[in-house]
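Visitor: First, the structure itself, so that you have it in front of you.
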Amino acid sequence: MRRQPGPLLNLHPRLIVTLMKDYASLTDQQLAEAIKHGDAQAFQTLYHRYYQRLFTFVWYRCHSVEATRDLLQEAFTRVWNSRESLKPEKSIKAYLYRIANNLMINKSNKQMVERAYLTSKIGEERVSTISDNFDLKEKIQSAIDSLPDKARTVFLLHRYEHFTYQEIAEALSVSVKTVEKRMSQALKIMRDQLAPFR
């Protein structure tokens, strides 16, 4: 006797979401399909899945908690407001990072980022930049901060968010070769900055 397919196999993804109570177990593609059809619970799941990772990514670039929160609020609002145009077959993770990156470019010019960085340092314990006990972690942060913006973005996505070069290319709307070039530039600068610690 031929085995019949499982009860959910031939259902529309939106119906699958309705039948499955554990949204956290859904794939990104299933969440995107549900969000496209107005499923608020699926959107909340996506939000909780990626908020902290996006927060880290944006904070590394602007060093302002308030600015990061505002930008992410706008990024997720844009996803929800344009949900009907979502393409579930495409990576929604890359889509989120692309929105966040574009907002950074549009709203945080270099002067704004520098101002936010300085503001975030007010009230923090001052640390000498030249010290025999200079912490390696601080030196790594300083090296990351010194990277050109485009190279820093690629470096953070690859090393901290574990994106592949293809995913980065999709998120930033550039070619894989461009990603490779920016990563190479970032690694060279990092090597030079961290040479004394080898």
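Visitor: Of the conditions (1) surrounded by 15 or more Cβ atoms within 10 Å (Cβ to Cβ); (2) assigned to a helix (DSSP H, G or I); (3) modelled with pLDDT of 65 or more, residue 192 fails just one. Which one is it?
Guide: Failed condition: (1).
Visitor: Looking only at the stretch 142-188, how many residues end up being crowded, with 18+ Cβ neighbours inside 10 Å and over 21 Å from residue 56 (Cα atoms)?
Guide: 0
Visitor: Could you look through the stretch 119-173, keep only residues that are at pLDDT below 50 and either touching a Phe, Trp or Tyr at 6+ places or on another chain (Cβ under 6 Å) or basic (Lys, Arg) (or both), and pick out the one that is farthest from residue 53 (Cα to Cα)? Break it down stepwise before answering.
Guide: In the first step, residues of the stretch 119-173 are kept if they are at pLDDT below 50; the result is 119-134.
When the remaining residues are screened for being either touching a Phe, Trp or Tyr at 6+ places or on another chain (Cβ under 6 Å) or basic (Lys, Arg) (or both), the result is 121, 126.
Values: 121: 22, 126: 28 Å.
Ranking the qualifying residues of the stretch 119-173, first place goes to 126.
Visitor: Taking the stretch 22-47 on its own, how many of its residues are aliphatic (A, V, I, L, M), surrounded by 15 or more Cβ atoms within 10 Å (Cβ to Cβ) and part of a helix (DSSP H, G or I)?
Guide: Step one: list which residues in the stretch 22-47 are aliphatic (A, V, I, L, M), which gives 24, 26, 31-32, 34-35, 40, 42, 46.
Restricting the remaining residues to those that are surrounded by 15 or more Cβ atoms within 10 Å (Cβ to Cβ) gives 26, 31-32, 34-35, 42, 46.
Okay, now just the ones that are also part of a helix (DSSP H, G or I), so 31-32, 34-35, 42, 46.
Qualifying residue count for the region: 6.
Visitor: Pick out the one residue from 52, 73, 44 that is under 13 Å from the mean Cα position of the chain (by Cα) and among the polar types (S, T, N, Q).
Guide: On inspection, the qualifying residue turns out to be 52.
Visitor: Moving to a separate point now. So residue 61 clears everything in (1) within 15 Å of the chain's Cα centre (by Cα); (2) surrounded by fewer than 21 Cβ atoms within 10 Å (Cβ to Cβ); (3) of a type in the set (D, E, K, R) except one condition, right? Which one?
Guide: Status for residue 61: all satisfied but (2).
The values are calculated or read from the model by the stated rules, or taken from the named source; none is laboratory data. Just so we're clear, the structure is a prediction, and the values are computed from it rather than from any experiment. Don't worry about glycine lacking a Cβ; one is built from the backbone with ideal geometry, like all the others, and counts go over all protein chains shown.
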